[in-house]
Each structure stands twice: as C-alpha cells, then as structure tokens.
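The values are calculated or read from the model by the stated rules, or taken from the named source; none is laboratory data. Only a predicted model underlies this, so the values are computations on that prediction, with no experimental measurement involved. Reconstructed Cβ throughout: ideal geometry from the backbone, glycine too, with neighbour counts over all protein chains shown. Heavy atoms of the whole protein, side chains included, go into the accessibility calculation; ligands, DNA and RNA do not. Shrake-Rupley method; radii C 1.70, N 1.55, O 1.52, S 1.80 Å.
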Amino acid sequence: METSKETTTAAPNMDLMIYNSMTQQKELFTPIVPGKVGMYVGGVTAYDLSHLSHAHAAISFDILCRYLKHLKYEVTYVRNFTDIDDKIIRPANELGEDSLSLSKRYCEEYLNDMGDLQCCLPTKQPCVSGHMK
C-alpha cells in the first residue's frame, strides 16, 4: 500500500484541548514525546466496498492528523487493513476467489474512495496478513 512521506519538524506552538474518554473531560493534549504524535487507527476489514462509516472514520482522523501537523507536531499516522477474517473468507469462497486477492481488491477500492474524499494517506498502512506467522 502507498504511504505518505510528509513530515513537519518545527516545535508545536499552540495548545490543544481534547476529550479524554477515560476521565470524561476535555484535557490539555500533551504528547508522550514532545513535538511528536503517534496515531494508530483501526482500519477497515476489507470484505466489501466502502460505506459511510468508513468515510466518517477516515475523514475524522484525517482532520485530526492535519490539525496536529498544522500545530507543527511530527505525526506518525498508522491505519491498518484487516485482510484476514471470516467476513472475508466466506465471500471469497462463495466467489471461488482467494481471500487475500479479494481483500486486496477491496483495500484498493477503499484507498480510491478515500482519495476521492481528499483524505491524506497515513504514514503507514500495515495489513494483518503481513504480521502473522
């Protein structure tokens, strides 16, 4: 999958208040490593075409990522693809297709759809299948 090479290295210069679901309060965002932010976002399970919820998640995290970069944070944005799952194996078997090729096709369709929505590519886009033994 393609990845974004864009980085920003200047020191952040604005405060960001963000909702903490654990404390149920807005709190001052303070990254673990000053000036750097890591975002891991659970991506799609690629068994069918994209739908509105996929777009909602992609746009929401795209906006957050762009805003963090605007604040001069160096952002590493990782969004995975689940390309091995019963939801993929069943339709692949029904179509007589390899599940990884079906999933790859839907991952590519997803990327095209999110590109049409002008969402930036994450820094990294690992697939589950690439991390299994």
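What the table shows:
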| quantity | calculated |
| --- | --- |
| In region 121-133, the residues that are under 10 Å from the mean Cα position of the chain (by Cα) and farther than 14 Å from Tyr40 by Cβ | Leu121 |
| Qualifying residues in region 92-126 (those that are open to solvent by less than 30 Å² (accessible area, probe 1.4 Å) and among the hydrophobic types (A, V, I, L, M, F, W, C)) - the one farthest from Val37 (Cα to Cα) | Ala92 |
| Test for Thr7: is it at pLDDT below 95, open to solvent by 70 Å² or more (accessible area, probe 1.4 Å) and in contact with an Asp or Glu (Cβ under 6 Å, 6 or more places away or on another chain) | yes |
| Residue check for Lys87: open to solvent by 50 Å² or more (accessible area, probe 1.4 Å) and at pLDDT below 95 | yes |
